[in-house]
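The values are calculated or read from the model by the stated rules, or taken from the named source; none is laboratory data. Only a predicted model underlies this, so the values are computations on that prediction, with no experimental measurement involved. Backbone-built Cβ (ideal geometry, glycine too); neighbour counts: all protein chains shown. Please note that ligands, DNA and RNA were not included when accessible areas were found on the heavy atoms of the full protein model with its side chains. Shrake-Rupley method; radii C 1.70, N 1.55, O 1.52, S 1.80 Å.
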Amino acid sequence: MKILLKAPKIQSLRDYLKTLKSIIVNLEALPREEEHTLIVEKVISDTPILAAPLAALVEQKRRSGCLLKLKNNGLKSTTLIETKKRSKDEPKIESIISIFSEKRPDLRTTLLYCIGELIDNIFEHAQTSFGVVAFGSSNRNFSLAVGDTGISIPAAYRKVGMAIKSDSDALSKAISGISTKTVDERGEGLISIKRIITQGLAGQLTLLSAGAVLESKREEIISRPMSIFWQGTIVNLSGTIPREPLNLYQYVQ
Amino acid sequence: MSSKTKTYRLKKIFGTFLWGRHMAVELRDLILRDNLTEAVVDFSGVIFVTRAFADELLKIKNFFNRKNLYLNFRQMNSEVAKMFSHLTSTVSVNPAPRLRVVRGKFNQ
């Protein structure tokens with residue numbers, strides 16, 4: 001069966017959630033016994049916040065026995081990271097950051113730091129064996145998304161017995177640095193990334209997990225329920241490349 | 001006492017990107033199996049390490065020091081070195097009191 005995944009131009013969070021819902025519905029409906037070919041429209045594969053969750057869902061389907069092929073360029077901008085073994089996509093991570101390597105080593109370090117923190121979060125909290133990284137840039141703007149189909153942030157809090165009022169509350173806690181881990185093992189990943197993106201790069205952090213979405217821009221944080229449910233977590237970082245070199249460690253706790 | 005040294009080339013064992021505490025723990029287990037007095041951890045070819053990996057490796061280094069097994073880090077590129085330097089200059093490496101969550105009712 002051939003499935004065409006289309007999307008309109010994403011101009012708002014609402015457009016994005018509608019497209020993501022369509023992706024989830026289309027993939028969840030695929031019968032396992034048949035071979036399927038996914039034709040992904042360029043607007044999806046070129047938008048990291050769509051490409052990452054799509055690639056994560058495709059991988060999840062494949063691991064559950066579904067025969068899924070990607071037609072044309074597929075999801076070239078994405079990289080699969082596996083928790084149990086060395087990723088064969090390591091060279092792709094190098095190529096993700098290589099556009100900055102020579103002229104802007106500070107941005108290379110910053111992107112690597114953000115990717116590393118988000119991947120560490122998947123390994124340590126999501127209870128899944130893989131995550132997906134997607135990256136895109138044009139002119140002076142860039143977008144980096146990391147997605148997984150693990151247990152989600154609210155479920156991670158509930159698992160350790162931490163009280164949360166709602167999924168939105170869980171995301172607010174996560175971005176504030178409230179960790180499920182002990183003092184000597186906890187990180188400051190999300191809170192540092194938020195600082196880097198909103199202060200250092202004048203950008204925005206979008207976090208989706210379970211039934212809530214959080215957006216953080218400058219000093220503003222808005223967390224609310226969303227109309228769809230994502231089993232796992234998607235983090236999207238978008239920003240503008242600054243003209244002056246960025247000192248990553250001034251934003252890292 | 002005879003000394004025994006071995007070099008662990010991280011790129012060969014794990015690849016060029018090192019992430020997660022689990023990789024550092026895996027390295028620790030490799031070192032423990034070899035019954036050494038000194039272990040050289042060679043970072044040649046390693047492009048980047050995450051904060052979790054570096055933090056865990058520093059804890060493992062401290063743990064081995066107390067057991068008279070010395071870890072020497074070599075051939076770090078500038079980004080890897082900066083990550084370790086950042087960690088050793090912050091609180092995370094210094095032992096912090098472990099908080100234990102106690103659930104249940106307290107009798108007054």
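Pairs please, first residue from segment A:49-68 and open to solvent by less than 20 Å² (accessible area, probe 1.4 Å), second anywhere and among the basic types (Lys, Arg) and in a helix (DSSP H, G or I), Cβ atoms under 6 Å, 6+ apart in sequence or on different chains.
A:Leu68/A:Lys61; A:Leu68/A:Arg62
Among the listed residues A:Thr206, A:Thr198, which satisfies the condition of being closer than 20 Å to A:Gly150 by Cβ, among the hydroxyl-bearing types (Ser, Thr, Tyr) and open to solvent by less than 20 Å² (accessible area, probe 1.4 Å)?
Criteria check complete, one pass: A:Thr206.
Among residues belonging to segment A:20-48 that are assigned to a helix (DSSP H, G or I) and touching a residue at least 60 places away in the same chain (Cβ under 8 Å), point out the one that is most open to solvent (accessible area, probe 1.4 Å). I'd like the intermediate steps shown before the answer.
Pass one, segment A:20-48, residues assigned to a helix (DSSP H, G or I): A:20-28, A:42-45, A:48.
If we keep only those that are touching a residue at least 60 places away in the same chain (Cβ under 8 Å) too, we end up with A:20-21, A:24, A:48.
Values: A:Leu20: 0, A:Lys21: 106, A:Ile24: 19, A:Pro48: 7 Å².
Ranking the candidates gives A:Lys21 first.
List the residue pairs whose Cβ atoms are under 7 Å apart, where the first residue sits in segment A:1-12 and is closer than 12 Å to A:Val43 by Cβ, the second is open to solvent by 50 Å² or more (accessible area, probe 1.4 Å), and the two are 6 or more positions apart or on different chains.
A:Leu5/A:Asn26; A:Leu5/A:Glu41; A:Lys6/A:Glu41; A:Ala7/A:Glu41
All but one of (1) surrounded by fewer than 18 Cβ atoms within 10 Å (Cβ to Cβ); (2) in a loop (DSSP other than H, G, I, E, B) hold for A:Ala7; which doesn't?
(1)
Which of the residues spanning segment A:49-95 are at pLDDT 70 or above, within 14 Å of another protein chain (Cβ to nearest Cβ) and not in a loop (DSSP other than H, G, I, E, B)?
If the condition is that a residue be at pLDDT 70 or above, within 14 Å of another protein chain (Cβ to nearest Cβ) and not in a loop (DSSP other than H, G, I, E, B), then A:Thr79, A:Leu80, A:Ile81, A:Glu82, A:Ile93, A:Glu94, A:Ser95 are the ones that fit.
Which of the residues spanning segment B:63-99 are modelled with pLDDT of 50 or more and in a loop (DSSP other than H, G, I, E, B)?
B:Lys67, B:Asn68, B:Leu69, B:Gln75, B:Met76, B:Asn77, B:Ser89, B:Thr90
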